[in-house]
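What follows is a single structure, written as structure tokens, with notes after it.
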Amino acid sequence: MSAGSGKARYLVCFALEDEARAFRRLVKARTDVNILITGIGQKNAERSVREYLRTNSPKQVFSCGFAGGLDPRLQIGDVVFLTVDWLLDKHLVEAGAKPVNFFGAQRIVVTASEKTKLLEQTRCQAVEMESVVIHKVCIELGFHCAIVRVISDTAHEDMPLDFNQLANADLSLNYGKLALAIAKSPTKIPALMRLQKNCKFGAEQLARVLKQIIDLDLPPAER
């Protein structure tokens, strides 16, 4: 799913529409930005991005969405990034974003103990499921890619449910399984509502930073 022209200068990738919605509102009238909803996970992301880049040549690719905090210093709504462009780095920091290393996970990291182990094993400050592979595809095909994400759950907190157990084969959320899980554990509802609120706040923070950066129309770094 995309918005904008086929010759857009910027491709902004999200796994889910919920991650993209706030940014979509900010750029809905622009023709220089395409939004690509890739689906969850590395396989979906790689397939979607390869297909797009086969027929389009954006100046800059952004891989965006939610991320889990592995570093205990990261808070809900912190925008975090990884780029190979010093000028883009500079402006992201000025916009309030924080440089980190990302671990590309095959599954949702659910518990605080899992996050602690990942931090110790990888020395990465944040975890996500799509951006690392999108970055690799862009390097392979000769496109500039920056990872810009927002913290939706911190290092010290567990997810309210194990969403890996509630997924369809394509890793999308199975709402029937979710409803059943909530029915079995209604005490999880406040935590789920808090997560939803945190995600909405995070998406808004991410959208603000992304628009601020895209509005600068920076020249791409040399390949």
Quiz item: Where does the range 1-95 land on Rg(C-alpha)/(2.2 N^0.38 Å)?
Solution: 1.13
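Per residue of the chain, what 222 nm ellipticity follows from adding -39500 (n - 2.57) for every DSSP H run with n ≥ 4, rounded to the nearest 500?
That calculation yields -13500 deg cm²/dmol at 222 nm.
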Quiz item: What is the P(r) of the chain, as percent of Cα-Cα pairs per 10 Å bin from 0?
Solution: 8, 34, 38, 16, 3, 0
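With the Cα gyration tensor of the range 42-122 giving a ≥ b ≥ c as the square roots of its eigenvalues, does the rule (a/c under 1.5 for rounded; else a/b larger than b/c for prolate; else oblate) give rounded, prolate or oblate?
oblate
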Quiz item: In the chain, with Lys and Arg counted as +1 and Asp and Glu as -1 at Cβ, which of these residues, Ala112, Phe81, Thr55, has the Cα nearest the positive end of the dipole, that is, farthest along it?
Solution: Thr55
Exercise. Going by C-beta contacts inside 10 Å, put Leu218, Leu195 in order with the fewest on the left.
Key: Leu218, Leu195
Quiz item: For Asp217 and Leu180, what is the calculated FRET efficiency with R₀ set at 41 Å and r taken between the beta-carbons, to the nearest 0.05?
Solution: 0.30
Exercise. Could you go through the range 23-34 in sequence order and give the Karplus-derived ³J(HN,Hα) for each residue, using 6.51 cos²θ - 1.76 cosθ + 1.60 with θ = phi - 60°, rounded to whole Hz, and x for Gly and Pro?
Key: 5, 4, 4, 6, 10, 4, 8, 8, 9, 8, 10, 10
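Read-outs throughout are calculated quantities, based only on the coordinates presented, and are distinct from any laboratory measurement. Bear in mind the structure is a predicted one, so any value in this text is a computation, not a measurement. A quick note on method: Cβ atoms are made from the backbone with ideal geometry, for glycine too, and the neighbour counts reach across all protein chains shown.
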